[in-house]
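S.K.: Take a look at this one; I'll ask things after.
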Amino acid sequence: MIGVLLHLQARTLRGRVVRSLRLLRQPKYLIGSIAGALWMLLWVGRPLLRTGTHFRMIGIDMVPDELRTTVHMAAATLLSFAIVLPWLWPWGGPGIRLRKAELTFLLLAPLTRRQVIGYGLLKSALGTLLTALLLGGDLRGRLLLFSALLPLLAFWSLHSKWRAMLRLRQRGLLTGIGATFLVALAVLTLRFAPQLFASDFTQPWPPLLRTLLLPGRLLSTALFAQGAGEALLASLPVALLAVLQLELVLRSRTPFEESALEWARATEARQSAGRQGTRRRGGLTRRWQVFRLHSAGRPEVAVLWKNLMRVSRLPLLRGVGAAVALLVGFVVLSALVPVLVGIHITIVIMGLVTAGAAPLFAGMSFHNDLRTELAHLELVRTWPVPASRFVWAQVASPALLSTLVGLAGLGLALAGYLGAELDGVSSMIAVVPADGTLGVSATGFVLLGLSGIVPLLAGASFATSALQNLATLFVPAWMIQTPDSNRGIAAFGRNLIVGTAMFFGFLLAFLPSALLVGAAMLAQHFAGIAWSAWAFPLWGLLAAAPLFALTAVLVLFAGRLWAELDPSEELLEIGR
C-alpha cells in the first residue's frame, strides 16, 4: 500500500509538471518562466554550484570564537520563543493538508489512519528537504550544514503539525506550561540583557537561564559545531526527537478530516478567478463595513467600498483608532518600563522601512484593483459607471490602504522616538539632531519631518497604483489574477518583471517632485531666507503635487483605454 501512495504522489507531481509545460505555449508563461529561472540560477544556483571555497565551520562562519557562546545562546532564545509561542494562540493551519480529490480517494480506500496521515506528511517532506538543501549552501563545503538543518526543519514541521492536530481542550495543559515558560524566559532575558551589553557580550549566562534554554540549545547545537564528527553527533539528538515527533503525529487520534477539508475549500476559493479566498467570520464581523455605504450616491464610491471590503471588513475609523491606541500604549509603556536604546532604534527603523515600502508596493500589495476585475470583465463592463470614475475607484482602493499602512509606519517611528525621549536616550538615535537645529527642538524637528513625509507618501501611493492599473489595461493577459497565473515559477518571473518595471516607473515619476523641491531650495538659498524645519511640510506638499498631477493624467488615459476595451477580444486573449 505504501508503494501505491508513492505512485499516487509521483503521478500527481508528474501531472503538475506536464500542466506547467503546456502553459509555456502562452508567451506570458514562457517569459515569466525564463525570468524566474534566470533569477533562481543567478541567486540560488550560483551558491549551490560554487565549489572553490572550503568552509571550516558549518554555523555562522564570521562569528569570532569568543562570541560563539553568546550567539548560540541568542539563537537558542529565539528558537525557544518561535517554538513555544504558537501554542498560546488558538488559531492556526490544519495539521494535514490534502486536496478534496485526495481526501475523497484516501478516505474511501482501504487504508488505515496511520497510512493516510503518512501520505499527508510525505507531501510536505519534499518541501522540507528542498529548504534544507537551499539553506545548506554550496555542494562541497556545506553538506554538513544540510545534515544539521534537515533534522531541525523536520522536527519543526512535525511539531507544528502535531500542535495543529490537537484539540483546544487537549492543548490546555501544554499551553499553560508554555505560557509559564515564556514569561520566565522573557523576565530572565530582560534582566540579563543590560549586563550582557555592558560587558561587550562576554558576561557568562546565568545558570537558571541556561537551564531554561536547554531545549533551544539542544536543537541549535549542530549549527554551531566545528568539524564533521561534532556536527553529526550534535544532529543525532535532534534526529531522534524528529522520529519521536513523527510517531506522535502518526499515533494522533484527533480527527483531521474536517480541518483538511476546510483548508482544501479555502485553497480552491483562493485560487478561483478574481477571489482572494473566503474566511469564516463571526456574526459581528459579518456586519462590519469599511465605511457606511448609502443607498443613494456616486457609483464609483460603491466600487471603492466593494474593493476595500475585498481586503478586510474592519471599519477604517475603528482600525485607525486601534492603531493609535496601540502606539500610545507603547509610548506609555516605555515611560513606565525603561528598555534598551537598541529596541527604540529598531522600532524607528521598522517604522521608516514600512512607510517607505508602502507606496512602492501600492499597486501589488492589495489585489483589489483592475487585475481582479478583469476576471469578471463581462460583468464589470455592464456597470453604469463612467470610465474615468471607474478607474479612479480602482486606483484609490489600493492607494488608500497603502497610505494607511505608510501612516502606521510613520506612527511606529514616532512612537519609537517618543519612547526613547521619555527614557532619556533619544540623543543616541543618529538621525535625530540636537536641540536648536534649524530653529526647532529635536522633537519639533522629528514632528515636522514626519509631517512633510505624509503628503509625499499619499502622492507616491496614488501614482504607483495608477501606474499599476494603466499597465493592467495595456497588457491585461499579463496582469489578470487567475488560478493559473498566480502559481509556479512563471508567476514569480512575471511578478519580478512587473515589480522591476513598477520600481523604475516610480523613479521616473518621482523626478519632477525632486526637481520641484530642489528648485524651491535653490530659490530659498538665493533669496537669502534662513533654513528652517518649518519648511518641511511645504516641501512635502511641493513633492506630492506632481505625483497627484501625474495620477490624474494616468487615470484619464487609463479611462480612455477602459472605454475602448473590447471584452470579447480580451476574454479570448486571457484564455477563458
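S.K.: Could you tell me which residue of region 81-97 is modelled with the highest pLDDT, considering only residues that are loosely packed, with under 14 Cβ neighbours inside 10 Å and not in a helix (DSSP H, G or I)?
M.R.: Trp89
S.K.: Moving on to the next point. Across region 323-357, what is the number of residues that are open to solvent by less than 60 Å² (accessible area, probe 1.4 Å) and hydroxyl-bearing (Ser, Thr, Tyr)?
M.R.: The qualifying residues number 2.
S.K.: Do you know which of the residues in region 244-270 that are of a type in the set (Lys, Arg) and under 22 Å from Thr112 (Cα atoms) is modelled with the lowest pLDDT?
M.R.: Filtering first and then ranking leaves Arg253.
S.K.: Follow-up question, since we're still on this one. Pull up region 155-165, narrow it to residues that are of a type in the set (Gly, Ala, Ser) and open to solvent by 30 Å² or more (accessible area, probe 1.4 Å), then point me to the one that is nearest to the chain's Cα centre (by Cα).
M.R.: Ser160
S.K.: Further question on the same structure: Looking at (1) modelled with pLDDT of 85 or more; (2) of a type outside the set (S, T, N, Q); (3) open to solvent by 40 Å² or more (accessible area, probe 1.4 Å), which is the only condition Lys100 fails?
M.R.: (1)
S.K.: So, one more: Residue pairs, Cβ under 8 Å, 6 or more apart or interchain, first in region 224-242 and assigned by TED's automatic domain parsing to the domain that holds Ser157 and over 20 Å from Arg163 (Cβ atoms), second polar (S, T, N, Q) and open to solvent by 40 Å² or more (accessible area, probe 1.4 Å). List them.
M.R.: Close Cβ pairs (under 8 Å, with a partner that is polar (S, T, N, Q) and open to solvent by 40 Å² or more (accessible area, probe 1.4 Å)) amount to Ala234/Thr221.
S.K.: Okay, next question. What is the residue count in region 321-340 for residues that are at pLDDT below 70 and assigned to a helix (DSSP H, G or I)?
M.R.: Result for region 321-340: 0.
S.K.: Mind listing whichever residues of region 168-225 are aliphatic (A, V, I, L, M), open to solvent by 50 Å² or more (accessible area, probe 1.4 Å) and over 26 Å from Leu144 (Cβ atoms)?
M.R.: If the condition is that a residue be aliphatic (A, V, I, L, M), open to solvent by 50 Å² or more (accessible area, probe 1.4 Å) and over 26 Å from Leu144 (Cβ atoms), then Leu168, Leu173, Leu174, Ile177, Val183, Val187, Leu190, Ala198, Leu208 are the ones that fit.
S.K.: Would you point out the residue of region 25-52, among those that are over 22 Å from the mean Cα position of the chain (by Cα), at pLDDT below 70 and not basic (Lys, Arg), that is most open to solvent (accessible area, probe 1.4 Å)?
M.R.: Leu49
S.K.: Right, another one. Does Gly141 satisfy the criteria of being closer than 16 Å to Ser160 by Cα and either in the same structural domain as Glu262 (by TED's automatic domain parsing) or at pLDDT 70 or above (or both)?
M.R.: No, not satisfied.
S.K.: What pairs come out if I take residues in region 184-209 that are farther than 19 Å from Val84 by Cβ and pair them with residues that are assigned to a helix (DSSP H, G or I) and open to solvent by 70 Å² or more (accessible area, probe 1.4 Å) whose C-beta lies under 6 Å away, six or more apart or interchain?
M.R.: Here the result reads Gln203/Gln195, each pair linking region 184-209 to a residue that is assigned to a helix (DSSP H, G or I) and open to solvent by 70 Å² or more (accessible area, probe 1.4 Å).
S.K.: May I ask you to list the residues in region 528-566 that are of a type in the set (Gly, Ala, Ser) and assigned to a helix (DSSP H, G or I)?
M.R.: Ala533, Ala535, Gly540, Ala543, Ala544, Ala545, Ala549, Ala552, Ala558, Gly559, Ala563, listed by residue number.
S.K.: (1) at pLDDT 80 or above; (2) open to solvent by less than 60 Å² (accessible area, probe 1.4 Å); (3) among the aliphatic types (A, V, I, L, M): which one isn't true of Ala273, the others all being true?
M.R.: Of (1) at pLDDT 80 or above; (2) open to solvent by less than 60 Å² (accessible area, probe 1.4 Å); (3) among the aliphatic types (A, V, I, L, M), only one is false for Ala273: (1).
S.K.: Quick check: anything in region 466-473 open to solvent by less than 60 Å² (accessible area, probe 1.4 Å), at pLDDT 85 or above and in contact with a Ser or Thr (Cβ under 7 Å, 6 or more places away or on another chain)?
M.R.: Yes; the residues of region 466-473 include at least one that is open to solvent by less than 60 Å² (accessible area, probe 1.4 Å), at pLDDT 85 or above and in contact with a Ser or Thr (Cβ under 7 Å, 6 or more places away or on another chain).
S.K.: What tally of residues in region 348-368 results from selecting those that are modelled with pLDDT of 85 or more and of a type outside the set (Ser, Thr, Tyr)?
M.R.: The number of residues fulfilling the criteria is 11.
S.K.: Given the conditions (1) modelled with pLDDT of 90 or more; (2) touching a Pro at 6+ places or on another chain (Cβ under 7 Å), report the number of the one that Pro384 does not fulfil.
M.R.: Result: Pro384 fails condition (1) only.
S.K.: Also, quick follow-up: I need the full set of residues from region 488-535 which are within 22 Å of the chain's Cα centre (by Cα) and closer than 22 Å to Gly449 by Cβ, in order please.
M.R.: Within region 488-535, just Phe506 meets the criteria.
S.K.: For Arg113, which of the numbered conditions (1) under 30 Å from Phe146 (Cβ atoms); (2) over 32 Å from the mean Cα position of the chain (by Cα) fails to hold?
M.R.: In the conditions (1) under 30 Å from Phe146 (Cβ atoms); (2) over 32 Å from the mean Cα position of the chain (by Cα), Arg113 misses (1) alone.
S.K.: Can you tell me which residues in region 298-322 are open to solvent by less than 40 Å² (accessible area, probe 1.4 Å), of a type in the set (A, V, I, L, M) and touching a residue at least 24 places away in the same chain (Cβ under 8 Å)?
M.R.: If the condition is that a residue be open to solvent by less than 40 Å² (accessible area, probe 1.4 Å), of a type in the set (A, V, I, L, M) and touching a residue at least 24 places away in the same chain (Cβ under 8 Å), then Val303, Leu304, Leu308 are the ones that fit.
The values are calculated or read from the model by the stated rules, or taken from the named source; none is laboratory data. From a predicted model like this one, the values you see are computed outputs, not experimental measurements. Counting neighbours? That spans all protein chains shown, and the Cβs are built from the backbone with ideal geometry, glycine included. Surface accessibility is based on the protein's heavy atoms, side chains included, excluding ligands, DNA and RNA. Shrake-Rupley method; radii C 1.70, N 1.55, O 1.52, S 1.80 Å.
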